[in-house]
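Let me begin by presenting the structure, written as structure tokens, before commenting on it.
The values are calculated or read from the model by the stated rules, or taken from the named source; none is laboratory data. Just so you know, these numbers come straight off a predicted model, no measurement behind them. In this analysis, Cβ positions are derived from the backbone assuming ideal geometry, glycine residues included, and neighbour counts consider all displayed protein chains.
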Amino acid sequence: MDVNNKKLEFYGGEWVSFLPFVIFLGMIILTTFYFGSISDGALWVPAYTALLIAFFFAKDKKHYANTIIAGMASKDAIVPVVCWIFAGVFSRILRTSGLANGIAGLAASAGIKGTFFIVISFISSAVFATAS
């Protein structure tokens, strides 16, 4: 799948290549501010829809699909996705375990505020992360 040598062409010209980005941003703004959905799941539908609509404007649909797949398979693209997934898992563990509530309650009762609270939270989360 050699996607580097051939240029993607769209019906409507080069500017149509910005269509996925514009559709994605528009749908994110719509789902966030109009529908009030701020979950991670609210990102998948706009992303998929943006890529799907742009697919119909591509002159060579197979080349478009191969380019999208090659982009998703690159190391540069997958590292942030994996970090995002691990951050989600870690935040769920912190929320379920009650560690975040415990730290906040302990800090409030001890009168800890500002930067010191952030330092304590970071150290506690780091220690907790080494155990999981």
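Go through (1) at positive phi; (2) in contact (Cβ under 8 Å) with a residue 24 or more places away in the chain for Gly36 and report which single condition fails. Single failed check for Gly36: (2).
All of Ala50, Ala100, Ala54, Ala42 fail the test of being at negative phi, assigned by TED's automatic domain parsing to the domain that holds Pro20 and in contact with a Leu (Cβ under 6 Å, 6 or more places away or on another chain), apart from Ala54. Go through the range 13-33 and report how many residues are surrounded by fewer than 11 Cβ atoms within 10 Å (Cβ to Cβ) and either in a helix (DSSP H, G or I) or in contact (Cβ under 8 Å) with a residue 40 or more places away in the chain (or both). Looking only at that region, the number is 3. Taken as a whole, the structure places Ala50 among residues that are touching a Pro at 6+ places or on another chain (Cβ under 9 Å) and surrounded by 11 or more Cβ atoms within 10 Å (Cβ to Cβ). For the range 46-87, the tally of residues that are among the basic types (Lys, Arg) and assigned to a loop (DSSP other than H, G, I, E, B) stands at 1.
Taken over the range 73-132, the criterion of being within 20 Å of the chain's Cα centre (by Cα) and among the β-branched types (Val, Ile, Thr) is satisfied by Ile78, Val79, Val81, Val82, Ile85, Val89, Ile93. Please specify each residue of the range 80-106 satisfying the condition of being loosely packed, with under 11 Cβ neighbours inside 10 Å and not hydrophobic (A, V, I, L, M, F, W, C). Pro80, Arg92, Thr96, Gly98 - these are the residues of the range 80-106 that are loosely packed, with under 11 Cβ neighbours inside 10 Å and not hydrophobic (A, V, I, L, M, F, W, C).
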